Amino acid sequence: MSNTLAPWLQAQLEQLLHQRGHALLLAGPSGLGQYPLALALARAWLCEQPTAQGACGTCSSCHAVDVRTHPDLCVLLPETLSIELGWPLDEKTQDRIDKKEIKASKQIRVEATREAVAFTQFTRSRGDTQVVLIYPAERMNVEAANTLLKTLEEPVGAVRFILATEAAHQLLPTIRSRCLTHTLAWPQPAQALQWLATQTGADDTTAQVWLAAAGGRPDDALAWSQAGLDAKTWDGLPTAVARGDLAALADWTPDRQLEVLQKLCHDLMAVRAGGEPRFFARERLPKPPGLRVLSQWSKDLAASARHVEHPFNAGLMLQAWAARSREVLAVAHGRNNP
Ligand SMILES: [Zn+2]
């Protein structure tokens, strides 16, 4: 991973380096850069020669963070995310996953939280500071959160915590109240576009589509670029969906397929209510049906979202969504084009 932060995150980092609290909560909707900001902050706190801009990037502590072996940094993530972001799992867990005895968890396990608490009680081996980074903090269940609570209240020595979340309202109030909250800032669209173009080498039109598809959240936009989304596909989606043709979505994961339908539904509702669409260009949208029909569709999609991680049969599910989309959007065509 590159250590160069996006400019709006860099500005927030410099601001946060002035904070003295021992526990920080980085909050905001997904895709605004909670993880890179949290890691940059941890790296700066642990750095041997930090500057006002953050970690020096050259000392042995910075190097140890970069190769993910810093003895004073504990990164607490769901196992699926550890694997994705290249943080090593403890040997026992890795072994059990390799042997297919357990599946990598999407939650932060209680056992892992207990180990993080134990970590704060170890003797420090490098400098004066120890850091525990937890992301996404809302993936701790009540038991895990309670395990952490006491340490968060009365940290031993010079332990500092960074909790990063995409759903602060799902955290225990007792956790929230022990942290100093920083709400992540949204970048200016032009700034985000430029950053996206630099990260991906894409042209402006394509970067614009990714950013729109992600509702303006740069990290989510980067994920769309990695999913291989192109401008033509995105622009063609609304009319294709209205025809019940979801072929363009077939290679995406079910949760992403559903996300697209939810975004389309959102935009149609916005337009129907006299507002502006957020994810798709207005001229690409089919005529919206009535709000009652849209609101029922929205509820159906939300209900599907609750089961989308365990699809019975992804292909069949996509077919069902296609039929439902055509039905919803055909109402408009019947009514508006008699
Ligand atoms: Zn350094």
Quiz item: Quick check: anything in the range 264-283 among the aliphatic types (A, V, I, L, M), farther than 16 Å from S325 by Cβ and touching a residue at least 60 places away in the same chain (Cβ under 8 Å)?
Solution: yes
Quiz item: If A185 satisfies every condition in (1) in a loop (DSSP other than H, G, I, E, B); (2) closer than 30 Å to G21 by Cα; (3) small (G, A, S); (4) over 16 Å from the mean Cα position of the chain (by Cα) but one, which is the exception?
Solution: (4)
Quiz prompt | Residues being open to solvent by 20 Å² or more (accessible area, probe 1.4 Å) and not in a loop (DSSP other than H, G, I, E, B) - total across the range 271-317 | solution = 21
Self-check item: Hits in the range 43-87 (condition: in contact with a Ser or Thr (Cβ under 9 Å, 6 or more places away or on another chain), of a type in the set (S, T, N, Q) and open to solvent by 60 Å² or more (accessible area, probe 1.4 Å))
Solution: Q49
Self-check item: Residue list for the range 120-146, filter: modelled with pLDDT of 90 or more, in a helix (DSSP H, G or I) and surrounded by 18 or more Cβ atoms within 10 Å (Cβ to Cβ)
Solution: A137, E138, R139, A144, A145
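Go through the residues of the range 233-247 one by one and say whether even a single one is free of Cβ contacts under 8 Å to residues at least 24 places away in the same chain, of a type in the set (S, T, Y), outside any helix (DSSP H, G or I) and open to solvent by 10 Å² or more (accessible area, probe 1.4 Å).
No, there is no match, as no residue in the range 233-247 is free of Cβ contacts under 8 Å to residues at least 24 places away in the same chain, of a type in the set (S, T, Y), outside any helix (DSSP H, G or I) and open to solvent by 10 Å² or more (accessible area, probe 1.4 Å).
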Quiz item: Considering the range 187-198 alone, what residues qualify as being surrounded by fewer than 16 Cβ atoms within 10 Å (Cβ to Cβ) and of a type outside the set (A, V, I, L, M, F, W, C)?
Solution: Q188, P189, Q191, T198
Quiz item: Quick check: anything in the range 152-167 open to solvent by less than 70 Å² (accessible area, probe 1.4 Å), in contact (Cβ under 8 Å) with a residue 60 or more places away in the chain, touching a Leu at 6+ places or on another chain (Cβ under 8 Å) and part of a loop (DSSP other than H, G, I, E, B)?
Solution: yes
Quiz item: Within the range 19-61, can you find the residues that are touching a residue at least 60 places away in the same chain (Cβ under 8 Å), within 13 Å of the ligand (Cβ to nearest atom) and assigned to a loop (DSSP other than H, G, I, E, B)?
Solution: E48
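The values are calculated or read from the model by the stated rules, or taken from the named source; none is laboratory data. Computed from a prediction, not measured in an experiment: that's the story for all the values here. Here the Cβ is made from the backbone with ideal geometry for all residues, glycine too, and neighbour counts use every protein chain on show. Remember, those area values only see protein heavy atoms, side chains included, never the ligands or the DNA or RNA. Shrake-Rupley method; radii C 1.70, N 1.55, O 1.52, S 1.80 Å.
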